[in-house]
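**Student:** This is the structure, below, for whatever I ask next.
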Amino acid sequence: MRHARAAQLRVTTAVTTVLILAAATACGGGGTSSSSAHGGKGSTVGIAMPTKTSLRWIVDGQAMVKQFGAKGYKTDLRYANNDIDTQVSQIHKMIAQGDKLLIISAIDGEALGEVLLEARDAGVKVIAYDRLILASNDVSYYASFDNFKVGQLQAEYIVDKLGLKNGKGPFNIELFAGSPDDNNTQYFYNGSMSILQKYIDKKQLVIGSGQKRITQVNTLRWDPGIAQARMKDILATSYGSQHVDAVLSPYDGITRGIIAALKADGYGTPAKPLPVITGQDAEAASVKLILSGEQSETVYKDNRKLARVAVQMGDAILTGGKPEINDTKQYDNGNKIVPAYLLPPVSVDKTNYKRELIDTGYLTPADLK
Ligand code: BGC
């Protein structure tokens, strides 16, 4: 009898063991309670950011490390110094070392197709962060801001400040766009032109340099030095005694370069005031310029919220849930429409910087000293 019970117990134990093993295999092996086919809590998230030269990516990276950590994940955060090969090799290493999810802000949206095939083969899911990854099937989700709206906000600011709706003008304007290999660039530019074009057509806005096409006005790698050199060249060749009244700039770093060129040309005095000039990212250095009256506006995108969106998506993917999205139409990467969650951007100038940037804790008063 005792033998029979013992035998029964052994069988039961064996069956249970088989069932546990089967369940573990179905979940992708590993055998620990925290792992699953999706990665599970405790797994590592690879975070590939483009560069540290712009403050925003530092904030994004730190926010994601903190928020993933709070949800029980490990993170591997890397910056690629705006170098495409470096970014590809960082992603390659993340996959090789067993990271279960990749969050990538691409330097060149079209350069990652091949390395993402490795991700797919390894069962690693990919979230495009802020910048869409193009020409790849292996992007699951996209977390960003409403990028078309960013461009609209910048253009609307110029329209307002110049009084274009009241028929004022003509005013001279120069246009700048972002990096040609960043998918956001065309969204910003198209958003802006959706507002500015009609005033250009009515000749209330005149592009002194004549440079209007995105291929003429873009700025490789968002490089402030390139923008500064282009502005300097435009002033020398197209302006003479004419005055630049407005500059559409897509990003604070570019704006600082443009302002440097303008000041070197004598702008910034009562007789030769700086033009209305836009920006993006609410970088402390630029908010200081807004307070001193040199830059007019910036578009604030709360990266802490963007990090929250990416972490929410990542957590859902890694635990077999469904990420929250709010856009399934706008972001076609050439291979597929990537489901996205888009946050609203906010236009900031002297009049609302305190409410938007200081009261929200995005910047401290000390940052602006
Ligand atoms: C981002 C902007 C940023 C720019 C330069 C774009 O992709 O959306 O926020 O200003 O890159 O870093």
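**Student:** Give me the net charge of Phe171's neighbourhood, meaning all other residues with Cβ under 12 Å from the Cβ of Phe171; Lys, Arg count +1, Asp, Glu -1.
**Tutor:** Local net charge: +2.
**Student:** Give the distance, in whole Å, between the Cα centre of segment 66-143 and the Cα centre of segment 208-233.
**Tutor:** Rounded to whole Å, the Cα centres lie 30 Å apart.
**Student:** Residues with amide H under 5 Å of Ala177's amide H, sequence separation 5 or more or different chain, H placed in the peptide plane at 1.01 Å from N; which?
**Tutor:** For Ala177, the qualifying residues are Asn218, Thr219.
**Student:** Something else now. Assuming 0.36 nm per residue, please report the length gained on full extension of the stretch Glu118 to Asp332 beyond their Cα-Cα distance.
**Tutor:** Fully extending the segment from Glu118 to Asp332 adds 74.9 nm.
**Student:** Rg/Rh for segment 147-301 to two decimals, with Rh computed the Kirkwood way over all alpha-carbon pairs.
**Tutor:** 0.92
**Student:** Give the accessible surface of the chain per residue, rounded to a whole number of Å², with probe radius 1.4 Å and ligands, DNA and RNA excluded.
**Tutor:** 45 Å²
**Student:** Using θ = phi - 60° and the Karplus form 6.51 cos²θ - 1.76 cosθ + 1.60, what ³J(HN,Hα) does each residue of segment 101-111 get, whole Hz, x for Gly and Pro?
**Tutor:** In residue order, the calculated couplings are 8, 10, 10, 10, 10, 6, 6, 10, x, 9, 9 Hz.
**Student:** Counting pairwise Cα distances across segment 259-355, what percent come out greater than 16 angstrom?
**Tutor:** 68 percent
**Student:** Another question about this same structure. Using a 1.4 angstrom probe and counting only protein chains, how large is the accessible area of Tyr79 in Å², to 10?
**Tutor:** Tyr79 has an accessible surface of roughly 50 Å² with all protein chains in place.
**Student:** Additional query: When the solvent-accessible surface of protein heavy atoms is calculated with a 1.4 angstrom probe, in what order do Thr185, Thr237 fall, highest first?
**Tutor:** These residues rank, largest area first, as Thr237, Thr185.
**Student:** Just by accessible area at a 1.4 angstrom probe, what is the order of His38, His243 from largest to smallest?
**Tutor:** Output order, biggest surface exposure first: His38, His243.
**Student:** While we're on this one: Could you tell me the largest-minus-smallest coordinate of the C-alpha atoms of the chain on each of the three principal axes, in descending order and whole angstroms?
**Tutor:** Taking the Cα atoms of the chain, the three principal extents are 108, 41, 34 Å.
**Student:** Now for a separate question. Compute the signed sum of charges (Lys and Arg +1, Asp and Glu -1) over the other residues within less than 10 Å, Cβ to Cβ, of Ser347.
**Tutor:** Every neighbour counted, the sum reads -4.
**Student:** Taking a probe of 1.4 angstrom, what is the accessible area of Lys198 in Å², to the nearest 10?
**Tutor:** Counting only protein heavy atoms, the figure is 110 Å².
**Student:** Which cross-chain or sequence-distant (5 or more) residues have an amide H under 5 Å from the amide H of Leu101, H modelled 1.01 Å from N in plane?
**Tutor:** Gly46
**Student:** Given the pairs Lys71/Lys288; Lys168/Lys354; Lys198/Lys336; Lys66/Lys350; Lys161/Lys212; Lys52/Lys161, which span a C-alpha to C-alpha distance of over 28 angstrom in this model?
**Tutor:** Lys71/Lys288; Lys168/Lys354; Lys198/Lys336; Lys66/Lys350; Lys52/Lys161
**Student:** A follow-up question, please. Leaving ligands and nucleic acids out of the surface, order Leu196, Leu134 by accessible area at 1.4 Å, largest first.
**Tutor:** From most accessible down to least: Leu134, Leu196.
**Student:** How much of the accessible area of segment 147-301, in percent, comes from carbon and sulfur atoms when a 1.4 Å probe is used?
**Tutor:** 52 percent
The values are calculated or read from the model by the stated rules, or taken from the named source; none is laboratory data. This one's a predicted model, so the numbers in the text were calculated from it and none came from an experiment. Ideal geometry is used to build each Cβ from the backbone, glycine not excepted, and the neighbour counts take in all protein chains shown. For accessibility, only protein heavy atoms count, side chains too; no ligands or nucleic acids. Shrake-Rupley method; radii C 1.70, N 1.55, O 1.52, S 1.80 Å.
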